[in-house]
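Notes follow the structure.
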Amino acid sequence: MKILIVDDDQLSRRALKIILKKLGHCDTASGGLSALDLFRRAHFAQQPYNLLTLDYMMPGLHGPGLLLKIRGIEERVGIPEQKQVKVLMVTVQSDKDSVLKSASAGCHDYIIKPFNHETVFNRVKKLGIQTSQAELRMKERDPDEKELNEIFIKELGKRINRMQESMESSNFENIQNLAHQIHGTGSTYGFSEASYIGAEIEAAAKSGDLSSIKNGIKTLVTLFNGYKV
């Protein structure tokens, strides 16, 4: 079983790898171009991927756009539809338009962040992939999980600083992207309050509500200081 995990956020990539490595070998890519390169290499080596997870919102080539290119590669080399790679779109986006775009690009199912082992395996099973042995190993404590929590706290501090810098220049797009990452990863690691505030800041950045952004960042700073203790 070969799996390719594509996400621009390193925490999401590592979290999915911790879960999916119980099913088989996992490669990761931080963007669309590197993912396409890995996908092509796997086909040329006659060792294609069996499962692909794609983040919906990525800089440059987003999930649906990347998937259209991957389906194009499969069609050009003559891979029949029933043997094409199984695809899960992974994102905090849950609106109807996002679902339709993912489906039309050739996505099989959809995982909403935050996710956990059970959520991911339920979606994988719906694709017809056996997960029984992997589910038995779910009970084993993975030492990487503790490291992920530490990385989340460290990255949260960096993202807060970058949001504060972006706020000074009224760069709402950058604030929205940073808040989107906090929203998507926070609850996965047990930081649900940070995830909730991230969602509020993301919404405020979309509407250009500077006052709400400031209040949200102030709350994140308080949470971050508490996490460090």
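Look through the range 94-128, keep the residues that are among the hydrophobic types (A, V, I, L, M, F, W, C) and modelled with pLDDT under 85, and return whichever of them is nearest to THR188 (Cα to Cα). Looking at residues that are among the hydrophobic types (A, V, I, L, M, F, W, C) and modelled with pLDDT under 85, I get PHE115. The single condition from (1) closer than 18 Å to ASN122 by Cα; (2) among the hydrophobic types (A, V, I, L, M, F, W, C); (3) touching an Asp or Glu at 6+ places or on another chain (Cβ under 6 Å) that MET58 fails is (1). If only residues of the range 180-220 that are among the aromatic types (Phe, Trp, Tyr) and either closer than 12 Å to PHE152 by Cα or in contact (Cβ under 8 Å) with a residue 60 or more places away in the chain (or both) are counted, the one that is surrounded by the most Cβ atoms within 10 Å (Cβ to Cβ) is PHE191.
The values are calculated or read from the model by the stated rules, or taken from the named source; none is laboratory data. Predicted model only: the values in this text are computed from it and were never measured. Positions of Cβ are backbone-derived with ideal geometry, glycine not excepted, and every protein chain shown enters the neighbour counts.
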